[in-house]
Amino acid sequence: MTADFDEVHRLYDAEEIAARVDALAAAILARIGEDFVLLCVLNGGFMFASDLARAVSRRGCKPLVEFVTLKSYGNGMESQGAVRLIGPEPETLKGKTVLLVDDILDSGKTLAKALTLLDEIGAKSVVSCVLLDKPARRKATVEADLVGFNIEDVFVVGYGIDFADHYRHLPYLGYLEPA
Ligand code: IMP
Ligand code: MG
């Protein structure tokens, strides 16, 4: 598939995202203080998490930054349900306050499973922060603690978020028309 960027409809531009990320950084520090592990959910969370890390850093915070892969999506547009966690050694998270940073809360299956897995690892507490929430799509009983933007049921790309591994590089958020 070749990405045709004319097909990407704009949702939020880089400036709007940056302003929201900075507000989230303030909300995170007010809520959990400065002693936490920022756990980035790959791959979609990479750009959001890196901007969030810099935003809390500008506010004087020095979190550990770790990465986790939660495999749930293939190349389609629907969550597959089964989730595997590939990430840091459990000792890195055990007894720690974890800020779980992901791109999109959709069906909620991924977040629900991640919270269960982090609980099993023995994290002291987990605060979830997602850039985008699609409440209309929820199937699992789960909400994020902090949300960048609530959006309609559209298929989002850009700012780290892909369709079949394309579009992640875009500095803005947009959506694709259904095929
Ligand atoms: P959930 O388990 O259905 O909540 O799936 C959440 C994950 O699915 C997100 O972290 C994304 O990786 C992916 N996802 C959900 N909606 C979209 C979308 O609109 N575009 C691209 N990926 C999406
Ligand atoms: Mg994801």
Percent of beta bridges antiparallel (DSSP, the chain, rounded to nearest 5): 35
Angle between the chain longest axis and helix 109-121 axis [Cα atoms, degrees, rounded to 10]: 20
Anchor residue 113: aspartates and glutamates whose Cα lies under 20 Å away (excluding residues fewer than 8 positions away in-chain): 66, 78, 89, 91, 102, 103, 133, 143, 145
Alpha carbon centroid spacing (whole Å) that separates segment 154-179 from segment 123-138: 19
Global geometry of segment 96-140, whether rounded, prolate or oblate, following the gyration tensor of its Cα atoms and the 1.5 cut on a/c: oblate
Of 94/139; 94/124; 109/139, pairs whose Cα-Cα distance is over 18 Å: 94/139
Principal-axis tilt of helix 14-32 within the chain, Cα atoms, nearest 10 degrees: 20
Modelled FRET efficiency - R0 35 Å, residue 153 with residue 86, Cβ distances, 0.05 increments: 0.75
Cα convex hull of the chain, projected area averaged across orientations, nm²: 9.6
Selected from 23, 53, 114 as most flexible by GNM, with the chain as the system and alpha-carbon contacts under 10 Å: 23
Overall form of segment 99-179 per C-alpha gyration tensor (a/c, 1.5; a/b vs b/c): prolate
C-alpha long axis of helix 46-58 to longest principal axis of the chain, angle in °: 50
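Values quoted throughout were computed directly from the atomic coordinates according to the rules given, and no laboratory measurement underlies them. Nothing here was measured: the structure is a model prediction, and the numbers come from that model. Quick reminder, even Gly has a Cβ in these numbers, built from the backbone with ideal geometry, and neighbours come from all protein chains shown.
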